[in-house]
Amino acid sequence: MMMNSLFGLTSVLCFVVGTLILPFSNAQLDPSFYNTTCPNVHSIVSNVLTNVSKSDPRMLASLIRLHFHDCFVQGCDGSILLNDTSSIVSEQSAGPNNNSIRGLDVINQIKTAVENACPAVVSCADIVALAAEVSSELANGPSWQVPLGRRDSLTANQTLANQNLPAANFNLTLLISRFANQNLNITDLVALSGAHTIGRAQCRFFSNRLYNFSSSGNPDPTLNTSYLQTLKSICPNDGGSGTNLTNLDLTTPDTFDNNYYSNLQQQNGLLQSDQELWNTTGASTITIVNSFSSNQTLFFEAFKASMIKMGNIGVLTGSQGEIRTQCNFVNGNSSGLATLVTKQSQDNDGRVSSI
């Protein structure tokens, strides 16, 4: 047993080190991309998010999730930001996003500040990537140099949003498949799921675990019984509490740490997609969960590597796409930022996907 654990830990370490040796695998992206054209872009993003997080600490988790939901649909191209128009069907109305994604208004706020400093230079896709990194940092999590140089899409794809994004009730096989479709491996899955160390979820995305797991009429037998009672008090089975919120991490809900993994070991994972990482018999994810639980530094290094890897998915560079001047519309649209984002709820932080 000890040898197996050591072998598993060594495998995780080898993956993390191997990934970090070549963190900027897309040669067209570079952390220094704006060094001469917009040298203060990171500090601009940081200043806006520092102020926003004082009044809404949940926003940090929401912006990490927004980056994930952007990258899993036709790549990290800012397509999730596009509103409905006569020619665009917004991804914001897709099942995994509708009344769930948050932070679009904050991205607009950042974009306005960036445009004031560096007009028509920084893409909305890069702002989303930077906002995710700054959010991790502000929550006391890891920081990393974000590869930059993405350009913004001219289209959105609601169909792909419905197809590609993992759901909160997915089993491990489905989770692995959705990540593999993006060339992300099992270590990426476990590391990126660790973003659930901060943030909130709506009752409707896990209430089946409390009352009718797998249509059994009973709770999920793997759920810690004390935790089950706590969750039932937050999410009564009255048909009207679906939007009530609870912490994804019941121990340190606003601090980016490795307690997410120790929660899984205690059967205190909130979403089925969380608990599956540790409860699936014989799964290789178990060793990784145990490793991250016992070694926060290892988790942070893996999370950084996986975020950089995810941020390279399907990027537009060079002459592809455009640099949007308004994140919710392609250039030339006259609606402007005065048209408010209509697809997000300002008051909920529901999670449909596993991140």
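Over all pairs of different C-alpha atoms, the range 75-208 has a mean inverse distance whose reciprocal, the Kirkwood radius, equals 16.7 Å.
Mind grabbing the base-10 log of I(q)/I(0) for the range 24-70 at q = 0.24 Å⁻¹? Debye formula, identical points on the C-alpha positions, no solvent, two decimal places. For the range 24-70 at q = 0.24 Å⁻¹, log10 I(q)/I(0) is -0.96. Taking each residue as 0.36 nm, the span from T317 to N116 lengthens on full extension beyond its C-alpha to C-alpha distance by 70.1 nm. The listed peptides 72-83, 32-43, 270-281, ordered by packing as a protection proxy, come out as 72-83, 270-281, 32-43 (highest mean of other Cβ atoms within 10 Å first). Kirkwood-type hydrodynamic radius, the chain: 20.5 Å, calculated from all non-identical alpha-carbon pairs.
Taking a ≥ b ≥ c as the square roots of the eigenvalues of the Cα gyration tensor of the range 135-194, is the shape rounded (a/c under 1.5), prolate (a/b larger than b/c) or oblate?
Working: a/c = 1.98, a/b = 1.13, b/c = 1.76.
It is oblate, given that a/c is not under 1.5 and a/b is not larger than b/c.
Taking 0.36 nm per residue of separation and subtracting the current Cα-Cα distance, fully stretching the chain between N40 and Q145 would add 36.4 nm. Label reach from T173 (point 7 Å along Cα→C-beta): in the range 265-280, amide nitrogens under 17 Å belong to 273, 276-280. Note on the chain: helix-only mean residue ellipticity at 222 nm, from DSSP H runs of 4+ residues weighted -39500 (n - 2.57) and normalised by residue number, equals -13500 deg cm²/dmol. If the segment from Y211 to N51 were pulled out straight at 0.36 nm per residue, it would be longer than the present Cα-Cα gap by 53.6 nm.
Expressed as a whole percent, how much of the Cα-Cα distance distribution for the range 128-278 exceeds 23 Å? Result: 44 percent of Cα pairs exceed 23 Å.
Quick one: accessible area per residue over the chain, 1.4 Å probe, rounded to a whole number of Å²? Let's see the in-between values first.
Working: 13900 Å² over 355 residues.
Averaged over the residues of the chain, the accessible area is 39 Å².
Oblate is the label for the range 269-315. Its Cα gyration tensor axes, ordered a ≥ b ≥ c, give a/c of at least 1.5 and b/c at or above a/b. For the chain, the relative contact order works out to 29 percent when only alpha carbon pairs closer than 8 Å and six or more residues apart are counted.
Between Q182 and Q28, the distance separating the two model label sites (each 7 Å from Cα on the Cα→Cβ line) works out to 2.0 nm.
With 5 Å bins beginning at zero, the pair-distance distribution over Cα atoms of the range 167-218 amounts to 4, 17, 21, 22, 18, 13, 5, 0 %. Remark on the range 184-266: Rg and Dmax equal 13.6, 40 Å (Cα only).
A Stokes-Einstein calculation at 10 °C with viscosity 1.306 mPa s, built on the Kirkwood radius of the range 39-120 over Cα pairs, returns a diffusion coefficient of 116 µm²/s.
The values are calculated or read from the model by the stated rules, or taken from the named source; none is laboratory data. Nothing here was measured: the structure is a model prediction, and the numbers come from that model. Positions of Cβ are backbone-derived with ideal geometry, glycine not excepted, and every protein chain shown enters the neighbour counts. SASA here: full protein model, heavy atoms, side chains in, ligands and nucleic acids out. Shrake-Rupley method; radii C 1.70, N 1.55, O 1.52, S 1.80 Å.
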